[in-house]
Every structure is written in C-alpha cells, then in structure tokens.
1. Test of understanding: among 339, 361, 365, which residue is modelled with pLDDT of 95 or more and either out of contact with any strand residue (DSSP E or B) (no Cβ under 7 Å at 6 or more places or on another chain) or assigned to a strand (DSSP E or B) (or both)?
2. Exactly one of these conditions fails for residue 383: (1) touching a residue at least 40 places away in the same chain (Cβ under 8 Å); (2) more than 28 Å from the chain's Cα centre (by Cα). Give me its number.
3. Can you tell which of 452, 417, 373 is touching a residue at least 24 places away in the same chain (Cβ under 8 Å) and either over 16 Å from residue 502 (Cβ atoms) or surrounded by fewer than 21 Cβ atoms within 10 Å (Cβ to Cβ) (or both)?
4. Can you tell me which of 243, 199 is over 15 Å from residue 307 (Cβ atoms), more than 19 Å from the chain's Cα centre (by Cα) and not assigned by TED's automatic domain parsing to the domain that holds residue 329?
5. For residue 284, indicate whether it is under 30 Å from residue 375 (Cα atoms) and over 15 Å from the mean Cα position of the chain (by Cα).
6. Given 433, 459, 403, which one is under 25 Å from residue 497 (Cβ atoms), assigned by TED's automatic domain parsing to the domain that holds residue 355 and in contact (Cβ under 8 Å) with a residue 40 or more places away in the chain?
7. Just wondering, is there one or more residues in the range 62-70 that are within 19 Å of the chain's Cα centre (by Cα), over 17 Å from residue 106 (Cβ atoms) and free of Cβ contacts under 8 Å to residues at least 60 places away in the same chain?
8. Please indicate, with yes or no, whether at least one residue in the range 237-245 is touching a strand residue (DSSP E or B) at 6+ places or on another chain (Cβ under 6 Å) and part of a loop (DSSP other than H, G, I, E, B).
C-alpha cells in the first residue's frame, strides 16, 4: 500500500512544481491571536478588531468594501484575516474541515480578482500581498501533503495565485523598504520554498534575501534602533524577526542582539512604551543596572542610554533602586513612516508615575483625531497657534539630537529641527531627576509668528495657573512651573474641540479621552521660550 501511495503522489509533485520539504507550520504564516473565534465568525461575521462591529461574511465577498471608512479594516479583509480563526482552531484540533472552510475565502478572492478581473486600492497592498503569500504557501503545502481534501480545480487556483504573487513580489518597485516589506520578502521566500520548481519562483528566494538585507539596513540604525519614528514599532519588528519562520531562516543574528539590547530602554518603569509616533503598547522595562552608571556630584547615580545618533535619549533611575524617574526625549527624522510632528518632544515619569505624556497614536483611520495626534500641537514641543504642523513638515536629516552631556547636577539633552518655510527650533532640556526639568527653545522664522510651547499632563493631573506659571499636585508631590519670558500668555485646554482640537490623549484603539495641556503662546520672529519646572 505504501508503494502505491508514493506512485500516486509523485506525479502530483512533478505536475504542480511543489517541493516536499519541511511542513509549513503555524509560526510560518503570521497568525493573529484573535479573541473572535471561528464560531463567532460563522454566526456574526468578520471582526478583525474588537472596536468594530462584525461585518456579514458570505461569499461572494465584495473585496473592495469599506463599511467603516477604515483603511486598516480594508487591509485586514484583503490579507485574508477571516482565515485566522479557522487556522488557529485547525492547529489546535487538526480538523481538516477547517482548512476546507478557509479555502472558500481563497477561492472567492481568486474569482473576484483573477477571474472577474476586479481590483481596488487594497487588492495588491504591499503588506497584505506578503501575508497572502504566506497563506498560499501553507495551503499549497497542506494540500500537497493530503492534510485536507482539495476540491476540483483548487490546486490549479492556488498555483495561479502562487505564480501571480511570486511575480509581483519580485518587482523591485513593489517592495516596500519598511516593515511592510518584511512581510513581502517573508511571503516570497516561503512561497518559493514550497513552490520552488514553478518558473515564477526560479530566483524568488535569492531576490527575497537581497531585499531582506536592504530592508534591515534601512529599518535599523547601527545602534540597533528602529527608524520608523515609533518605539512600539521597534518591538513589533523585533518580535516579527524573532517569530516569523521565513525571516528566522534569513539570518542577521548580530543585529537582533543589538535590537534586543535597545528594547528595554524604550519602556518606562510602569511598563508603558514611550508613546512617540504611532506608539501605544507595553513591554518589559530595563531590569539590570548598566555596567557604568552615570553619577552626579551628590553621588546619585542613574542609568543613561545615549542613543542620540539614532534619535532617542534616555535618563532613568537605576533598576536596582526605587523606580522613581525616567525622561525619554525624541529627535528622529529618518523618514515619515509612523511619524508624528513630535520632534524634540519628551515624556517624563517622576514620583513612580507619568507626569508629562504624549497623545499616543489614536488609530489608523481618517478623521479629526488622527489629524490632531499627528500634529505638533498634540506633543510636548513647539507648534503655531494659527495652523497645524504636519509630520511631513520637517527636514529629514536623520537624528536631530546631539550626545547627552552630563553636568555636576544633571543631564543636558540638545537638538534642533528645521521646519522648511516655517521656523527653526533649537531645544535644550536640562534634567535633574526627581528635582527639576528646564526646557529652553531658541526659535527663528522669516516672519512674525505666534509660537506655542505645550506641556501635556497625565489625565488625572489638573493644573492651577498663575500669572507666569502653573502648579500641579501629583499625589503627595507638587510641581511648580513658570515661563521665564514675560511676553508669553499662559492658557490651559482640556478636551477642547472648537475652534481647534486640543487637550486629548489616546485611551484605547480609536478611543480618545481629555487631558490637560498647558500652553505658553509667545509672539516673535527671533526669540526664546523657557520653562523652569521644579518638583517638591
């Protein structure tokens, strides 16, 4: 009987061009651990995120649908995320009926695009194409191994999809040189490992490896810092490199070690990742003291990570001592991916809690809140009172910071940003952990402007304004702040929507809640704005 089976399978392998190598498993295909189960999907519909209502999921599917005006949802639909609950259950139960059920969506996408010839914005979206390629490789491998019964024509449709995806994923101009490109090269590499004898895959794995090397050079600095302006994406890409099967087989162990070493410095002692750019996640903070702590003249010692060549600066309490302080300063402008207009902004953790915060990412959906969180007015930096400053309005010169300087009584972090046709900003932050922080901005513009220097407080902190400053009670501590220049006017906004949006922070995906922002509005063309902030 075994000899007969071998004779039956051999012609299939030769005809299809499918390689009988290592099985394609769960770690190869980038499954999300969705709370929405296969039964939930069958009863209620497609729901890739918990913040959205389920969408009826019956074939034939309108693959160009956009019922929520949500780009992320459109991407998830065309990345075949409706197969995730079925595949997750399959890997738990090994029930072949689940793979047959998932294949109905693959067949339907094939019919919509390759038979009917329809297309839309997300038909061949870069990241979605890579994720689909991973799934096609899995279904080809599973069908070839007899793990589930293929219906009439399904192998042929899978091979058509494999060829089309392999061809597109070897188009140099199609490959994104960012984190999306990692899914593209992983999809191509795995697909051409499974279908290596297909003519479309003749040089597929070599192309994937070359582009992978190029993407990593663009994705990380020599210090191992991710360049997409968002600490959360440092963790996202790190986890992807360490978990996705195809990428693990493509090398770069030395870089992964650097990436791992950087990661805990991007996390506050409370486990919150610094919310610069499109960030809003949690992770493990620094747990070990550095070999050479930075000690001040009064013998207080701190952990310092000078990542200023990449665009970040960190000063924090030693992990072996009370986790009371951490300052995170951002000055990154390598590209505009996941970027907000938050150059030279900062977040401050003091007295074991957040004091000055960032607005967070909100969501990847169009609307006034997304516009707000991306603007300079939503961050602890300089903006203008009469117009939004967008993420693109900056000279992309890499890191905007210079190395951290240590003084007898603190740490000085400096940087400068050029906003073409608007103004030039040079900032110095002097930080004495647990005692004070001073912020001085030197500004120059070609014409008179109304500059605004903003300080966003944690949502439970309510400031009291005085003529030249403010006072905030943070538990048993008091924060005293004042603006040095006497021609600035102070104001506070909280949850404001008109005439412009001010005083909001991200409280969940696509959820915003009010928080207080203190603003010093100062006129001028060439001027200085200085904050002196003391902690009691």
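1. 339
2. (2)
3. Result: 417 is the single residue among 452, 417, 373 that is touching a residue at least 24 places away in the same chain (Cβ under 8 Å) and either over 16 Å from residue 502 (Cβ atoms) or surrounded by fewer than 21 Cβ atoms within 10 Å (Cβ to Cβ) (or both).
4. After applying the criteria, what remains is 199.
5. Details: under 30 Å from residue 375 (Cα atoms): yes; over 15 Å from the mean Cα position of the chain (by Cα): yes.
Considered against the rule, which asks whether it is under 30 Å from residue 375 (Cα atoms) and over 15 Å from the mean Cα position of the chain (by Cα), residue 284 comes out as yes.
6. Matching residue, one of 433, 459, 403: 459.
7. no
8. Let us first name the residues in the range 237-245 that are touching a strand residue (DSSP E or B) at 6+ places or on another chain (Cβ under 6 Å), namely 237.
If we keep only those that are part of a loop (DSSP other than H, G, I, E, B) as well, we get none.
No, the range 237-245 contains no residue that is touching a strand residue (DSSP E or B) at 6+ places or on another chain (Cβ under 6 Å) and part of a loop (DSSP other than H, G, I, E, B).
The values are calculated or read from the model by the stated rules, or taken from the named source; none is laboratory data. Not measured: the values here are computed from a predicted model. Every residue, glycine as well, gets a Cβ built from its backbone with ideal geometry; the counts of neighbours run over all protein chains shown.
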